[in-house]
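These notes are about the structure you will find just below.
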Amino acid sequence: MILIDGKQVASEIKAEISLEVNKIIKNGGKPPHLVAILVGHDGGSESYVNFKMKDCAEVGFESSLIRFEDDVTEKELLATIEKLNQDDNVDGFIAQLPLPSHIDENKVLEAIDPKKDVDGFHPTNVGKMMEGLPTFISATPLGIKILLKRYNIETSGKHCVVLGRSNIVGRPMSVLMSQKKINSTVTVLHSGSNNIKEMCASADILIVAIGKPGFVTADMVKKGAVVIDVGTSRIKSDKTKSGFKLAGDVDFENVAEKCSFITPVPGGVGPMTRLALLLNTLEAAKETQFVDVCCKDMI
Ligand code: GUN
């Protein structure tokens, strides 16, 4: 069994991104600039956004955080997005999800200029991704795609089962896996699926993104399968100082020995998701600043 080290791969590619930033600056350009909009004080969202800002600093990007309280109006948010769309000093920006329930999330995502939509959530970019056209691919699917490639995992003709159909992970992941370069045969399983156990056990590549700690047990995994665990649930633990730990959707202890490759939680998909946002921001800067950067080689 090979443990897929997302932390290591992300760190290697971050070093490559730093070199690209140096090149941009040497050629008279500006460091790529990522802006994050954060609404409210949800602990998970706060820590995700903090990591995103920290990652930017690590590779030499500029980053800014725009904060709003929970009672921000949709109108205020949309006005901020319009400003960012027009701001030549901003290469890419994201609105951290989820947003409060009085705000129409789709309206917000659709207001973002697709050229600055480094999350890849705008319907124009989702549509381009569906058609296999160059665009921003959302961070977790892009991170997983890079991991599969870096570990030379054979995908062509393989049966890939994606467990979960979210707009952020499961659905775009299933589209990517069926595209010509990856060439897998894809099954998407969700809460309305029958025979989930049997279907998972038929997977050569099993990608799990349902947010249920330990859901995938050893009897659901074929011997020699590749298992990618997207789960990051925060659960109680008496073994950590904080009293919590991150738990994946896979019962790692019992599943790992059956796999050819498996991602750990933490240290597997998570660091690659963060990395992918940096890659998209670099790509955005390439478009806005007309500079020549070579992210494609990293992917
Ligand atoms: N919330 C959970 N994941 C994400 C993400 O990738 N982007 C944004 N904007 N919000 C999220």
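Miscellaneous remarks
- Residue count for the stretch 4-18, restricted to those that are part of a helix (DSSP H, G or I), closer than 15 Å to Pro266 by Cα and of a type outside the set (Gly, Ala, Ser): 3.
- For the stretch 79-89, residues that are within 17 Å of Asp117 (Cβ to Cβ), in a helix (DSSP H, G or I) and open to solvent by 50 Å² or more (accessible area, probe 1.4 Å) total 3.
- Filter pass, Ile262 being touching a residue at least 40 places away in the same chain (Cβ under 8 Å) and touching a His at 6+ places or on another chain (Cβ under 8 Å): no
- Checked against the criterion of being part of a strand (DSSP E or B) and touching a Leu at 6+ places or on another chain (Cβ under 9 Å), the stretch 275-287 has no qualifying residue.
- Unmet requirement for Thr281, which otherwise passes all of (1) at pLDDT 95 or above; (2) in contact with a helix residue (DSSP H, G or I) (Cβ under 6 Å, 6 or more places away or on another chain): (2)
- Candidate set: the stretch 104-113, residues that are open to solvent by less than 60 Å² (accessible area, probe 1.4 Å) and away from the ligand (no atom under 11 Å from the Cβ); chosen: the one nearest to Val35 (Cα to Cα): Asp113
- Close Cβ contacts (under 6 Å, 6 or more residues apart or on different chains) running from residues in the stretch 90-103 that are more than 7 Å from the ligand (Cβ to nearest atom) to residues that are in a loop (DSSP other than H, G, I, E, B) and open to solvent by less than 20 Å² (accessible area, probe 1.4 Å) comprise Asp91/Pro32; Gly92/Val118.
- Residues located in the stretch 156-177, provided they are closer than 19 Å to Ser260 by Cα and surrounded by fewer than 21 Cβ atoms within 10 Å (Cβ to Cβ): Ser156, Gly157, Lys158, His159
- Residues of the stretch 37-64 satisfying the condition of being open to solvent by 70 Å² or more (accessible area, probe 1.4 Å), within 14 Å of the ligand (Cβ to nearest atom) and under 26 Å from Val21 (Cβ atoms): Tyr48, Asn50, Phe51
- When the stretch 114-144 is filtered for residues that are more than 15 Å from the ligand (Cβ to nearest atom) and under 23 Å from Val21 (Cβ atoms), the ones remaining, listed by number, are Lys115, Pro134, Thr135.
- Hits in the stretch 44-81 - residues which are among the small types (Gly, Ala, Ser) and in contact with a strand residue (DSSP E or B) (Cβ under 9 Å, 6 or more places away or on another chain): Gly44, Ser45, Ala57, Ser63, Ser64
- Residue count, the stretch 209-234 (criterion: in contact (Cβ under 8 Å) with a residue 40 or more places away in the chain and of a type in the set (A, V, I, L, M)): 7
- Residue match in the stretch 201-212 (condition: farther than 30 Å from Met129 by Cα and either of a type in the set (Val, Ile, Thr) or modelled with pLDDT of 95 or more (or both)): no
- Scanning the stretch 113-133 finds one or more residues that are more than 19 Å from the chain's Cα centre (by Cα) and in contact (Cβ under 8 Å) with a residue 12 or more places away in the chain.
The values are calculated or read from the model by the stated rules, or taken from the named source; none is laboratory data. Since the model is a prediction, treat every value here as computed from it, not as a measurement. In this analysis, Cβ positions are derived from the backbone assuming ideal geometry, glycine residues included, and neighbour counts consider all displayed protein chains. Calculation scope for accessible area: heavy atoms of the full protein, side chains included, ligands and nucleic acids excluded. Shrake-Rupley method; radii C 1.70, N 1.55, O 1.52, S 1.80 Å.
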